[in-house]
């Protein structure tokens, strides 16, 4: 009852606020708070160590962020834009096919004008055999 009257006549005294904060804090909250403080200290120490080590080496320039434009493109493309892309792709592929066909035609024309002087082994062997027979007959006739 005294507490109630004290709170009624002095609603915001410092002692009451301290008591209220202590009541709000349980043991698990204090444990979590201490673990968070320790993690923050370790993070701060690690950051300081990294900064200290990097200050000895040359400084890295901060480049402005350049987003990848492929990621920024909208997923749904309007039909007119898609149609233009498809037509451009078709024109490129038609040009490539035309260039390849021209290259093939050029090689065919070049092949017509080149003379092959190669002889196959069977023809060469047959000529050698005939020469030996003729020479053998001439030697026997003498």
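Between residue 37 and residue 125, the contour length at 0.36 nm per residue exceeds the Cα-Cα span by 22.0 nm. With a simple spin-label model that places each label point 7 Å from the Cα along the Cα-to-Cβ direction, the separation between residue 15 and residue 90 comes to 9.1 nm.
No lab work stands behind these numbers, since they all come straight from the coordinates. These numbers were taken from a predicted model, which means no experiment stands behind them. Neighbour counts are summed over all protein chains in view; Cβ atoms, including those assigned to glycine, are modelled from backbone coordinates with ideal geometry.
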